[in-house]
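Have a look at the structure below before the remarks.
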Amino acid sequence: MNNNNYQQLPPPQQSNQYQPPQAFVNTQVVLPRNADHSVSPITIQCPLCNQVGVTSVKSKVGSGTLCCAFILLVTTFCCFIPFLNENCQDKLHTCPNCNAQVGTHEYKVC
């Protein structure tokens, strides 16, 4: 007799039946079809050629760059900095297979 308030559990039952191994479910990875809002290269499935690849990224002066240059011109006269710094420029993503533009990331000052 057990004086504790705990109930005693019966020993686990052992089965002699063969149990087949568990099957793994094949999960499908869904890749994005555009590269909008990404500053660095990403893996996508191109919407035009349907090939999977890592985008090529090029920097381009955009409206955010011009706005930043104007703010720097008014405050510090260092308006050339945004044109030299790629972090202050728009990013254009292209497909490595068909060279189609698959996304953009526009630089925003604020």
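Observations, loosely collected:
- Test: K91 is surrounded by fewer than 14 Cβ atoms within 10 Å (Cβ to Cβ) and assigned to a strand (DSSP E or B): no
- The residues listed here are T43, T76, T94; of these, the one that is more than 20 Å from the chain's Cα centre (by Cα) and hydroxyl-bearing (S, T, Y) is T76.
- Residue within region 64-73 that is under 30 Å from C46 (Cβ atoms), loosely packed, with under 13 Cβ neighbours inside 10 Å and either β-branched (V, I, T) or at pLDDT 90 or above (or both) present: no
- From the options F70, F77, residue that is aromatic (F, W, Y) and not in a loop (DSSP other than H, G, I, E, B): F70
The values are calculated or read from the model by the stated rules, or taken from the named source; none is laboratory data. Just so it is clear, the structure is predicted and the values come from calculations on it, not from any experiment. Ideal geometry is used to build each Cβ from the backbone, glycine not excepted, and the neighbour counts take in all protein chains shown.
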